[in-house]
Amino acid sequence: MWLIGARGSVATTAVVGCAAVAAGLQPATGMVTETAPFADSGLPALGDLVFGGHDTATTPLPKRAEALAAEGVLPYGLPDAVRAELTAADDAIRPGGPQPGDTRGDDELIDAFAHDLDAFRRTHHLARAVVVNVASTEPVPTGGDRLPPSSLYACAALRAGCPYVNFTPSTGLHHPSLREVATRSGLPYAGRDGKTGQTLLRSVLAPMFAQRALPVRAWSGTNLLGGGDGAALADPAAAAAKNAGKARVLADTLGELPDGELHIDNVPALGDWKTAWDHVAFEGFLGSRMVLQTIWQGCDSALAAPLVLDLARLTARAHEAGLTGPLTELGFYFKDPDGGPSGLADQYTALTGFAARLREQS
């Protein structure tokens, strides 16, 4: 696994979690690929995963894990128990970019990132490397000749022959100039924007209203979060990119986007924890007006990390099986998938069907 944003909270939690579950120190809670429908699908074992990545941050992974434990994100003492795995992963992290003052053009940066991937694969004698973007959300591109950083990394993955997963709302392979490149690559890819909390709940509730013929008059929400993602989403342009995926779930399921807005507020004191409220105004029989309100409180990294591990394993297996192009069956994991149904139940059916398909090719 090559993680973009490899020293962030989600990446650190994924590395710690993978090592802890592989060693039997913790259960595989939240990992869908560790449930019965995925047995014998040929997925790589957790103990066989090797980690590296790109990041512009310099705090070593063991220190980052200690900070997450102090915040209650990771169990007390667990970073010490998997320190060797954290150190090995940190040794494989390379500087990301472009950094301020970097004069290299896009093609030079892509070549440099692809070279890092090739070196990682050779050094560790890997069968394959799956690139997963878990970096902070970047603003929507506003034009110009330069690719956004997420697209530079995505293009580098393809150039190095690596499958790619975009767990963020950032542009990645969705940049217009990369569509043909992705098609020609012959590689599997999936994304974008992992579905971990508020939108996960929306993907369950919206089909309920549609299937029960209850018109939704308005759907409003507020999301409070801190940490690196909270700071990134304080930028209105980055928040707009995040909200687009949340809105798509409602529009695709209900047939149109209801009235209402979603507000994302940065609350640094919350750290890695987030609270989301939803207020749904809907209409019942004979025009009766009704309301559903929900509260979701969770730890972003603990929700995201098992999904990141799932996606890497599934994409690696798809690559091994010779599958190419967008993996629409992985829409279960995304706010803005590459296709397929929008409701969570239908997405889960597609995902378990994909597991059966992989099993047949084992």
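General remarks:
- Under the condition of being open to solvent by 30 Å² or more (accessible area, probe 1.4 Å), out of contact with any Gly (no Cβ under 6 Å at 6 or more places or on another chain) and under 18 Å from Arg94 (Cβ atoms), the residues counted in segment 126-160 number 3.
- Single residue of segment 184-222 satisfying the filter (of a type in the set (Val, Ile, Thr) and touching a strand residue (DSSP E or B) at 6+ places or on another chain (Cβ under 8 Å)) that is nearest to Ala321 (Cα to Cα): Thr196
- Among the residues examined, Ala67 does not qualify as of a type outside the set (Ser, Thr, Tyr) and over 23 Å from Lys274 (Cα atoms).
- Filter result for Leu303 (out of contact with any helix residue (DSSP H, G or I) (no Cβ under 6 Å at 6 or more places or on another chain), touching a residue at least 40 places away in the same chain (Cβ under 8 Å), surrounded by 17 or more Cβ atoms within 10 Å (Cβ to Cβ) and closer than 22 Å to Asn133 by Cα): yes
- In segment 333-350, residue surrounded by the fewest Cβ atoms within 10 Å (Cβ to Cβ) [restricted to those that are of a type outside the set (S, T, N, Q) and in a helix (DSSP H, G or I)]: Ala345
- Within segment 331-350, residues that are charged (D, E, K, R) reach partners that are in a helix (DSSP H, G or I) and open to solvent by 50 Å² or more (accessible area, probe 1.4 Å) with beta carbons closer than 6 Å, at six or more positions or on different chains, in the pairs Asp336/Arg248; Asp338/Thr328.
- Just one of the listed residues (Gly5, Gly52, Gly96) is under 22 Å from Gly161 (Cα atoms) and touching a Ser or Thr at 6+ places or on another chain (Cβ under 6 Å), and it is Gly96.
- Residue among Ala6, Ala19, Ala14 that alone is at pLDDT 95 or above, open to solvent by less than 30 Å² (accessible area, probe 1.4 Å) and touching a Gly at 6+ places or on another chain (Cβ under 7 Å): Ala6
- Here Gly72, Gly42 are screened, and the one residue that is in a loop (DSSP other than H, G, I, E, B), among the small types (Gly, Ala, Ser) and either buried (at least 18 other Cβ atoms within 10 Å of the Cβ) or touching a helix residue (DSSP H, G or I) at 6+ places or on another chain (Cβ under 9 Å) (or both) is Gly42.
- Filter result for Leu78 (touching a residue at least 12 places away in the same chain (Cβ under 8 Å), more than 20 Å from the chain's Cα centre (by Cα) and within 20 Å of Arg7 (Cβ to Cβ)): yes
- Checking each residue in segment 45-60 for being part of a loop (DSSP other than H, G, I, E, B) and more than 22 Å from Thr352 (Cα to Cα) picks out Leu49, Val50, Phe51, Thr56, Ala57, Thr58, Thr59, Pro60.
- Candidate set from segment 23-39 (those that are free of Cβ contacts under 8 Å to residues at least 60 places away in the same chain and of a type in the set (S, T, N, Q)); member that is surrounded by the fewest Cβ atoms within 10 Å (Cβ to Cβ): Thr35
- Sole exception among (1) assigned to a helix (DSSP H, G or I); (2) without any contact (Cβ under 8 Å) to a residue 40 or more places away in the chain; (3) surrounded by fewer than 17 Cβ atoms within 10 Å (Cβ to Cβ) for Gln293, by number: (1)
The values are calculated or read from the model by the stated rules, or taken from the named source; none is laboratory data. Just so it is clear, the structure is predicted and the values come from calculations on it, not from any experiment. Positions of Cβ are generated from backbone atoms using ideal geometry, with glycine treated the same way; all protein chains shown enter the neighbour counts. What goes into the accessible areas is simple: the full protein's heavy atoms, side chains included, and nothing from ligands, DNA or RNA. Shrake-Rupley method; radii C 1.70, N 1.55, O 1.52, S 1.80 Å.
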